[in-house]
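Since the structure comes first, as structure tokens, the remarks are kept for the end.
The values are calculated or read from the model by the stated rules, or taken from the named source; none is laboratory data. Computed from a predicted model, the values in this text were never measured in an experiment. All Cβ positions, glycine included, derive from the backbone under ideal geometry; neighbour counts span all protein chains shown. Accessible surface is based on the protein model in full, side chains and every heavy atom, while ligands, DNA and RNA are left aside. Shrake-Rupley method; radii C 1.70, N 1.55, O 1.52, S 1.80 Å.
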Amino acid sequence: MGLLTGCSSEDSAAAECTSTPNGTPVSAAPATNAPTTQNLSTNPEIASGYRSGMTAVRTRTYAVSTANPLATEAACRVLRDGGTAADALVTAQAVLGLVEPQASGIGGGAFLVHYDAKSRTVEAYDGRETAPAAATENYLRWVSDTDRTEPAPNTRASGRSIGVPGVLRMLELAHRDHGLTAWKELFDPAISLADSGFEISPRLAGQIAESAKDLAADEDARGYFLEADGSPKKSGTVLTNPALAKTLSAIAGDGAQAFYSGAIAQDIVEAAGSTAGGRTPSLLTAGDLAGYQAKKRTALCTGYRKFELCGMPAPSSGGSTVAATLGILANFDIPSLRPQDLDADGGRPDAQAVHLISEAERLAYADRNKYVADPDFVPLPGNSVLSLVHPQYLKQRSTLIDPQRSMGTAKPGDLGPVPLGNGPQPPEHGTSHISVVDKYGNAAAMTTTVESAFGSFHFVDGFVLNNQLTDFAADPLDPDGTPVANRLQPGKRPRSSMAPTLVFDRDDAGNRGDLTLVTGSPGGSVIIQFVVKTLINTLDWGLDPQQAVSGVSFGAGNTPVTGIGGEHPAIDATDNGDHDPLVQRLRAMGHQVSVAPQSSGLSALQRDGKDGWIGGADPRREGAVLGDTR
């Protein structure tokens with residue numbers, strides 16, 4: 001089967017796919033200048049090249065971008081037929097779970113920031129996974145208090161990594177609030193595709209090959225992803241998934257409750273509790289699934305120059321860390337440091353800009369690491385996230401930046417007597433992202449995940465179960481015995497870095513104006529850096545959305561290492577970047593620079609005129625922007 005690569009105009013008599021999105025072939029070829037190895041603990045999904053020269057897509061009234069063209073087209077058809085942004089999310093997620101199972105699916109969780117144009121309100125939806133009721137603080141460290149051996153074969157691939165999935169409950173809640181199309185109809189594209197089959201994409205094939213050994217440990221995963229001889233199924237192989245078609249049909253007919261109770265729930269409990277191959281079982285129960293609740297939280301909305309940014313609050317650290325980074329940068333003349341040699345791929349970043357942005361990120365990550373966790377268990381300083389993003393506090397933090405020298409590792413700010421340790425923080429992993437605007441003016445940014453590639457490698461009823469609990473700090477205590485905020489506790493949601501973001505214009509009085517940008521990305525803890533890059537590219541430097549997401553990936557967590565994405569054609573990644581002028585300049589300023597290829601999956605939809613939109617999809621994955629093109 002060929003990939004469908006376009007969505008026709010609403011006025012078209014036939015729903016035909018007529019054009020290649022974003023001015024480039026859908027399949028991503030490996031970039032010739034990308035390094036061939038990478039650290040999957042920090043870059044959790046494989047890098048799959050770079051599609052140079054992509055061009056922005058312009059639409060008249062609606063647009064959608066996902067990480068796979070089949071999902072984008074299915075969601076686009078929902079919008080074309082009068083569906084809302086919330087409707088399109090359900091369809092996109094259902095298809096993504098089929099065609100991009102390494103990144104997201106109904107066995108995982110998600111965060112959503114939604115804008116309702118009629119009421120002009122922003123809502124945040126929390127579909128993060130939760131720890132089972134029987135989990136203890138040491139659940140990830142050892143089998144039991146009397147058997148202090150590591151879960152087998154390792155924490156991630158054991159049942160101990162599996163959290164209660166949340167994405168379906170969250171989507172059902174958002175659809176109940178904002179949907180127009182019948183819930184049952186929204187699963188038809190995924191069910192049809194699961195029955196008829198789809199071609200394995202180059203990216204999925206690469207990830208299957210990368211993960212083949214771990215997939216082979218689970219009987220159902222081995223039968224689906226691998227050939228009879230144990231070799232990975234290759235790109236172009238047609239996959240059918242009748243088990244997922246059956247699962248989705250039940251959910252379509254009976255709602256999310258069909259997943260959280262009954263036969264599907266029992267299958268999940270049995271799969272998570274499997275000891276096959278010597279795996280340590282999960283302690284997940286049917287009661288954990290039946291009791292899961294998605295939550296509506298107050299979106300975190302903050303100012304940046306002449307804009308208002310609305311993002312996800314805790315338990316995601318994405319919204320506050322993005323806001324804190326930008327709040328620190330508001331004290332510098334970032335707009336004057338535009339990229340050089342600007343082209344379709346976003347040009348070459350200015351070294352001073354990269355330095356300032358990376359330093360601001362170090363400071364923001366330092367606070368994130370210490371203070372942010374599930375707010376239902378660990379109160380934020382002053383019982384409000386606003387303490388982390390207050391302009392005066394961030395102005396003080398900005399004075400710690402030396403314009404000419406990297407600080408290496410930042411210390412968290414003093415936000416009062418908060419009894420929290422700052423212990424080792426676990427790496428976070430790969431995800432997927434959906435950006436959508438509908439013809440009614442509603443918009444949604446949703447980041448969705450099964451955690452690492454293929455989650456826990458447990459495969460049941462046609463879908464992958466997450467390994468989200470590895471986002472908790474495995475050691476619950478600091479070296480001095482102080483509890484760590486992001487320690488595991490029963491029923492708790494692990495901290496995330498997902499940063500779905502909506503941007504609005506502001507008037508001179510600071511009041512919210514029109515929606516101007518919808519964006520987000522997968523990428524684990526590096527999501528924050530990817531989103532910051534895109535926001536600065538668009539809001540400060542005036543790049544169009546495709547240039548913004550295509551541009552060089554750069555930034556830092558709270559370590560001495562600054563990442564410069566070596567997959568980008570503007571970066572010379574040979575010899576560890578030793579010959580690249582940007583890398584040379586940063587190293588002279590004290591940065592330890594890595595040029596490992598990045599696997600962001602950014603999308604950005606920006607208002608273009610009164611009703612129109614212009615969108616970009618990340619050239620590092622297989623994504624596409626579609627809509628009623630003009």
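Let me know the charge dipole size of the range 115-155 about its Cα centre in debye, to the nearest 20, where only the beta-carbon of Lys, Arg (+1) and Asp, Glu (-1) is charged. In debye, rounded to 20, the range 115-155 gives about 200.
Under the convention that each Lys and Arg Cβ holds +1 and each Asp and Glu Cβ holds -1, the size of the dipole of the chain around its Cα centre is about 1000 debye. Applying 0.36 nm per residue to the separation of His579 and Arg148 and subtracting their alpha-carbon distance, the gain on full extension is 150.3 nm.
Taking label points 7 Å from Cα along the Cα-to-Cβ direction, Ala134 and Leu477 give a separation of 2.6 nm. Given R0 = 45 Å, the distance between the Cβ atoms of Asp229 and Ala330 translates into a calculated FRET efficiency of 0.20. Exposure here means at most 14 other Cβ atoms within 10 Å; with GluC sites (Glu not before Pro) in a DSSP loop as sites, the longest stretch of the chain lacking them is 228-630. Computed from the Cβ-Cβ distance with R0 of 22 Å, the FRET efficiency linking Asp611 to Ala182 stands at 0.25. Where q = 0.15 Å⁻¹, what log10 of I(q)/I(0) comes from the Debye formula for the range 428-553, counting one point per Cα? Rounded to two decimals, the profile gives -0.87.
A compact globular protein would have a Cα radius of gyration near 2.2 N^0.38 Å; the ratio found for the range 187-309 is 1.40.
Applying 0.36 nm per residue to the separation of Thr275 and Gln257 and subtracting their alpha-carbon distance, the gain on full extension is 3.8 nm. Counted as membrane-span-like here are DSSP H helices of the chain whose alpha-carbon atoms extend 20 Å or more along the helix's own axis and whose Kyte-Doolittle mean is -1.0 or above; these are 85-99, 351-371. Determine which residues of the range 543-577 fall in the zone a paramagnetic label at Asp343 would reach in this model, i.e. backbone nitrogen under 19 Å from the point 7 Å along Cα→Cβ. The answer is 543-554, 565-574. Distance between the pseudo-spin-label points of Asp508 and Lys306 (7 Å out from Cα toward the beta carbon): 1.2 nm.
Relative contact order of the chain: 25 percent, from C-alpha pairs under 8 Å at least 6 residues apart in sequence.
Tell me whether the range 492-547 comes out rounded, prolate or oblate; compute the Cα gyration tensor, take square roots of the eigenvalues as a ≥ b ≥ c, and use a/c under 1.5 as the rounded threshold. Oblate, because a/c is 1.5 or more while a/b does not exceed b/c.
Rounded, prolate or oblate: which one fits the range 139-236, using the alpha carbon gyration tensor with axes a ≥ b ≥ c (rounded when a/c is under 1.5, else prolate when a/b beats b/c, else oblate)? Oblate. Taking a threshold of 20 Å on the Cα-Cα distance, which of the pairs Lys295/Lys533; Lys213/Lys233; Lys306/Lys533; Lys370/Lys411 fall above it? In this structure, Lys295/Lys533 lie more than 20 Å apart at Cα. Compute the Cα gyration tensor for the range 122-171, then decide on rounded, prolate or oblate, letting a ≥ b ≥ c be the square roots of its eigenvalues: rounded whenever a/c is under 1.5, prolate when a/b is larger than b/c in the other cases, and oblate in all that remain. It comes out prolate by the Cα gyration axes. Cα-based values for the range 518-630, radius of gyration first and Dmax second, are 15.1, 48 Å. The helix-only estimate of mean residue ellipticity at 222 nm for the chain, built from DSSP H runs of length n ≥ 4 each weighted as -39500 (n - 2.57), is -8000 deg cm²/dmol after division by the residue total.
Heavy-atom accessible area for Leu193, with the other protein chains in place and a 1.4 Å probe, reaches approximately 30 Å². Once Rg and the Kirkwood radius are both taken over the C-alpha atoms of the chain, their ratio Rg/Rh works out to 0.94.
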